[in-house]
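J.: Just passing along the structure, written as structure tokens.
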Amino acid sequence: MEDCLAKKMEITVSEAEKRTGRNAMNIQETYTAYLIETRAVESQSEGQCAPVDSLWRRYSEFELLRNYLSVTYPHIVVPPLPEKRADFVWHKLSADNMDPDFVERRRIGLENFLLRVASHPVLCQDKIFYSFLTQEGGWKEMVNETGFQLKADSRLKALNATFRVKNPDKRFTELKHYSDELQSVISHLLRVRARVADRLYGVYKVHGNYGRVFSEWSAIEKEMGDGLQSAGHHMDVYAASIDDILEEEEHYADQLKEYLFYAEALRAVCRKHELMQYDWEMAAQDLTSKKQQREELATGTVRTFSLKGMTSKLFGQETPEQREAKVKVLEEQIQEGEEQLKSKNLEGRDFVKSAWADIERFKEQKNHDLKEALISYAVMQISMCKKGIQVWTNAKECFSKM
């Protein structure tokens, strides 16, 4: 971790800007660009002010970077991007992806994504990631030249492996089940939070009616007027405070959403392992089949029904020379198959070792982050309740002075 990029470079996504341009289809579109600023840490420790390097990136470029990392490092739980369009929001917040509040929250999420990658012991050393931070022109071409798209597994192939693998690794099966449950629990939690936020918004805003009524009442009361007017003012302030409170709460919700999306990153690692296991089983099955064919040719007996066996009965047996030539070809194929199986075995063991090490790292990070997020959320709720108590305490004092 001492060598990670986050220790050597300050990385911020400092601002977002709405732009208009033409896409690949020559159709005019509106999009948001994000300014990435980086500064070397080393020169600052020496008392010098390092210059800031900056460049603009679109959300689609962040997506391209993450896709590249996911394909290139299939054994790693790659940090997720913030949502492209708002979800699980309380009703006053817009779900429009151009809404300023949402764009600001997404800016924070994109910065968090870059810091996650820069802090990862493996991902931080990737040259494409470093170029993403430092090289604006030609970066997309550089990514495409890696040919990572050719290495990407199709979803159909992954689905096929899921249903046809015979001996799945129990640990990865349990991990996939856990990721499904984690996603389900956090989704439900976010939906409950959005409903609570809606109700809180209503309750706070109704307090504004108290303010209006107390103000109107104070106009017809001579002795009680000042107390009613003051109490009404406290109610108005209380009602107006909910906007800032719930916008702050939305940032805590975003921390939970990150782990909602991390669940898919966990499943991606599990799917890759299933694919590797399925490929190994297919290779082992093919090798067994070829060894059986060699035995049948060598002994002249056919153990199972086959079209080849029927053909031999109908048109006569093969000559010794023909059998010898076929045995020779099979021997080569068997040797090649054994080497391939051995290679897949080693590849599988390395994948499991690397993946499990990263999964353990992820678990530590998850436990720490979710604990901090939930504590911060609870502290905010306590603070909000204290404000409510203080408002009614102030109102009580106003009423007492009447």
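The values are calculated or read from the model by the stated rules, or taken from the named source; none is laboratory data. These numbers come from a predicted model, not from an experiment. In this analysis, Cβ positions are derived from the backbone assuming ideal geometry, glycine residues included, and neighbour counts consider all displayed protein chains. Heads up: the accessible areas ignore ligands, DNA and RNA and are worked out on the full protein's heavy atoms, side chains in. Shrake-Rupley method; radii C 1.70, N 1.55, O 1.52, S 1.80 Å.
J.: What is the number of the single condition among (1) touching a residue at least 60 places away in the same chain (Cβ under 8 Å); (2) open to solvent by 20 Å² or more (accessible area, probe 1.4 Å) that Y210 does not meet?
T.: Of the numbered conditions (1) touching a residue at least 60 places away in the same chain (Cβ under 8 Å); (2) open to solvent by 20 Å² or more (accessible area, probe 1.4 Å), the odd one out for Y210 is (1).
J.: Continuing with this model, one more query. Which condition number in (1) open to solvent by 80 Å² or more (accessible area, probe 1.4 Å); (2) farther than 18 Å from I76 by Cα is the one that D350 fails?
T.: Tallying (1) open to solvent by 80 Å² or more (accessible area, probe 1.4 Å); (2) farther than 18 Å from I76 by Cα, D350 fails exactly one: (2).
J.: So T38 passes all but one of these: (1) in a strand (DSSP E or B); (2) over 26 Å from D358 (Cβ atoms); (3) at pLDDT 85 or above. Which condition number does it fail?
T.: Of everything listed in (1) in a strand (DSSP E or B); (2) over 26 Å from D358 (Cβ atoms); (3) at pLDDT 85 or above, T38 misses just condition (2).
J.: Here's a follow-up. I'm checking my understanding of the structure. Among residues of the stretch 220-264 that are free of Cβ contacts under 8 Å to residues at least 40 places away in the same chain and more than 30 Å from E372 (Cα to Cα), which one is surrounded by the fewest Cβ atoms within 10 Å (Cβ to Cβ)?
T.: Going residue by residue through the stretch 220-264, those that are free of Cβ contacts under 8 Å to residues at least 40 places away in the same chain are 220-222, 225, 229, 232-233, 236, 239-240, 244.
Filter again for more than 30 Å from E372 (Cα to Cα), leaving 220-222, 225, 229, 232-233, 236.
Values: I220: 9, E221: 13, K222: 7, G225: 16, Q229: 17, G232: 22, H233: 16, D236: 17.
The qualifying residue surrounded by the fewest Cβ atoms within 10 Å (Cβ to Cβ) is K222.
J.: Among the candidates S312, S306, which residue alone is within 30 Å of Q285 (Cα to Cα), over 31 Å from the mean Cα position of the chain (by Cα), modelled with pLDDT under 95 and surrounded by 13 or more Cβ atoms within 10 Å (Cβ to Cβ)? First the steps, then the outcome.
T.: On the way: S306 fails: surrounded by 13 or more Cβ atoms within 10 Å (Cβ to Cβ).
From the options S312, S306, the qualifying one is S312.
J.: Take the residues of the stretch 132-157 that are acidic (D, E) and over 19 Å from W56 (Cα atoms): which is modelled with the lowest pLDDT? Please lay out each step first, then the result.
T.: Filtering the stretch 132-157 down to residues acidic (D, E) leaves 136, 141, 145, 153.
Okay, now just the ones that are also over 19 Å from W56 (Cα atoms), so 145, 153.
Details: E145: 92, D153: 75.
Step by step, filter the stretch 132-157, then rank; the result is D153.
J.: Continuing with the same structure: Looking at the structure I just gave you, is R195 open to solvent by 90 Å² or more (accessible area, probe 1.4 Å) and in contact (Cβ under 8 Å) with a residue 24 or more places away in the chain?
T.: Values: open to solvent by 90 Å² or more (accessible area, probe 1.4 Å): yes; in contact (Cβ under 8 Å) with a residue 24 or more places away in the chain: no.
Criteria not met by R195.
J.: To continue, here is another question. Tell me, please, whether a residue that is buried (at least 18 other Cβ atoms within 10 Å of the Cβ) and in contact with a Ser or Thr (Cβ under 7 Å, 6 or more places away or on another chain) can be found in the stretch 277-294.
T.: Checked the stretch 277-294: no residue is buried (at least 18 other Cβ atoms within 10 Å of the Cβ) and in contact with a Ser or Thr (Cβ under 7 Å, 6 or more places away or on another chain).
J.: Whether any residue in the stretch 260-271 is farther than 30 Å from R164 by Cβ and part of a helix (DSSP H, G or I) is what I want to check.
T.: No, the stretch 260-271 contains no residue that is farther than 30 Å from R164 by Cβ and part of a helix (DSSP H, G or I).
J.: May I pose another question? Which of the residues spanning the stretch 353-377 are closer than 15 Å to Y73 by Cβ and either among the aliphatic types (A, V, I, L, M) or outside any helix (DSSP H, G or I) (or both)? Reasoning before the result, please.
T.: Within the stretch 353-377, the first condition is being closer than 15 Å to Y73 by Cβ, and the residues that meet it are 353-359, 361-362.
Hits for the stretch 353-377 are A355, A357, I359.
J.: Would you pick out the residues in the stretch 115-125 that are open to solvent by 40 Å² or more (accessible area, probe 1.4 Å) and not in a helix (DSSP H, G or I)?
T.: So in the stretch 115-125, the residues open to solvent by 40 Å² or more (accessible area, probe 1.4 Å) come out as 115-116, 119, 121-122, 125.
The answer is P121, V122.
Residues checked against (1) modelled with pLDDT under 85; (2) within 21 Å of P121 (Cα to Cα); (3) touching a Lys or Arg at 6+ places or on another chain (Cβ under 9 Å):
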| residue | (1), (2), (3) |
| --- | --- |
| E10 | no, yes, yes |
| E17 | no, no, no |
| M25 | yes, no, no |
| E29 | yes, no, yes |
| T32 | no, no, yes |
| Q44 | yes, no, no |
| W56 | no, no, yes |
| S60 | no, no, no |
| V71 | no, yes, yes |
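J.: Just the residues that are of a type in the set (A, V, I, L, M, F, W, C) and either in a loop (DSSP other than H, G, I, E, B) or surrounded by fewer than 18 Cβ atoms within 10 Å (Cβ to Cβ) (or both), please, taken from the stretch 131-156. Before you say what the answer is, go through the steps one by one.
T.: Of all residues in the stretch 131-156, those of a type in the set (A, V, I, L, M, F, W, C) come to 132-133, 139, 142-143, 148, 150, 152, 156.
The answer is M142, F148, L150, A152, L156.
J.: If we scan the stretch 244-256, do we find a residue that is over 30 Å from P79 (Cβ atoms) and in a helix (DSSP H, G or I)?
T.: No, every residue in the stretch 244-256 fails to be over 30 Å from P79 (Cβ atoms) and in a helix (DSSP H, G or I).
J.: What's the number of the condition I128 fails, among (1) over 18 Å from the mean Cα position of the chain (by Cα); (2) of a type outside the set (F, W, Y); (3) on the phi < 0 side of the Ramachandran plot; (4) surrounded by fewer than 18 Cβ atoms within 10 Å (Cβ to Cβ)?
T.: (4) is the only condition that I128 fails.
J.: Among the candidates N167, N160, N112, single out the residue that is surrounded by 14 or more Cβ atoms within 10 Å (Cβ to Cβ), farther than 26 Å from F62 by Cβ and in contact (Cβ under 8 Å) with a residue 40 or more places away in the chain.
T.: On the way: N167 fails: surrounded by 14 or more Cβ atoms within 10 Å (Cβ to Cβ); N112 fails: farther than 26 Å from F62 by Cβ.
Selected residue: N160, the only one of N167, N160, N112 that is surrounded by 14 or more Cβ atoms within 10 Å (Cβ to Cβ), farther than 26 Å from F62 by Cβ and in contact (Cβ under 8 Å) with a residue 40 or more places away in the chain.
J.: Could you run through the stretch 364-390 and say how many residues are without any contact (Cβ under 8 Å) to a residue 24 or more places away in the chain and open to solvent by less than 70 Å² (accessible area, probe 1.4 Å)?
T.: 4
J.: Since A357 meets every condition but one in (1) free of Cβ contacts under 8 Å to residues at least 24 places away in the same chain; (2) touching a helix residue (DSSP H, G or I) at 6+ places or on another chain (Cβ under 7 Å); (3) among the aliphatic types (A, V, I, L, M), which condition does it not meet?
T.: (2)
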